[in-house]
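Every number here is computed from the coordinates shown, using simple stated rules; none is lab data. Keep in mind that what you see is a predicted model, and the values were worked out from it rather than measured. Positions of Cβ are backbone-derived with ideal geometry, glycine not excepted, and every protein chain shown enters the neighbour counts.
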Amino acid sequence: MKIMKTTRTLAVLLMGLILGASFAVAQDHILAEAAKTTEEANASTTGGAGAADKDFHDRYPRYKLEAGDAFEVSFDLNPEFNQTVSVQPDGYISLRSVGDVMVKGQTAPEVSETIRKAYGNILSNPIVSVVLKDFEKPYFIADGQVGHPGKYDLRGDVTLTEAIAMSGGFLDSAKHSQVLLFRRASKGWYSAETFDVKKMEKKGNLKEDPELHAGDMLFVPKNKFSKLKMFIPGSSMGAFVPLSVP
């Protein structure tokens, strides 16, 4: 009897240990899954914020200095070093008592920091501010089958259809359905996208009408009718059924 009771007690204890271990493993698994879910949620939130920041900076990029730009450099505590400088063709500026410093491709805040570091050797914690005076204003280029091809100032928010209107609108020879928009992707490279302006205007839906960025170029190609027009007899040579323009 005692042996049976002892065996039963050991079995109960063993079962309890097994159940306890199983519960602990299950608990650890649940905690690990919860931690993983929280980490993924945090990563998703962080990634979303980062994407939003990137979109913001892409839409409202800071101006980067180019050759020929001029700006004023002001020192709050050392006005004797105030000066106006111009970016040379090689991208350098000449600073009083410091010499040549490369600034091409930098934004105004970056230039301020570059100049502050340059004067850090002769001044103690200089406070520098930069104000652009003469620089290339944002622009876009319209080319192809528009009324007035050329370079236009980009003032405020301008969409593709608005840019076409600013450049004189479509010519009769224009192919409305394949308007090309070229955008500088990186140094020496451009991305190109085709837009069906005819479809947008026909449906009265301009949600897909892209906003132009500084330096963009739109190109309106010729339609098929304009390419064949030179081979079609004029009205003085006979009557013809009008051809539809693509």
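Points to keep in mind about this one:
- Cα principal axis extents for segment 70-134, largest first, Å: 30, 20, 18
- Hull shadow area, averaged, segment 156-207 [alpha-carbon convex hull, nm²]: 4.7
- One quarter of the surface of the convex hull around the alpha-carbon atoms of segment 139-229 equals 6.1 nm², the direction-averaged projected area.
- Using θ = phi - 60° in the Karplus curve 6.51 cos²θ - 1.76 cosθ + 1.60, the 3J(HN,Hα) couplings for segment 142-147 round to 10, 9, x, 8, 10, x Hz; x is entered for Gly and Pro.
- Taking 0.36 nm per residue of separation and subtracting the Cα-Cα distance, full extension of the segment from K222 to H148 would add 25.1 nm.
- At R0 = 25 Å, FRET efficiency that the Cβ-Cβ distance of V98 and E136 yields, to 0.05: 0.45
- Subset of K203/K224; K199/K224; K64/K133 violating a 19 Å alpha-carbon distance limit: K203/K224
- Reduced Cα scattering model of segment 141-184, Debye log10 I(q)/I(0), q = 0.15 Å⁻¹: -0.34
- Quarter the surface of the alpha carbon convex hull of segment 111-181 and you get the mean projected area, 7.0 square nanometres.
- Estimated FRET transfer efficiency (E110, E162; beta-carbon r; R0 41 Å; 0.05): 0.80
- Length gained when the stretch L180-N205 is fully extended (0.36 nm per residue, less Cα-Cα span): 7.1 nm
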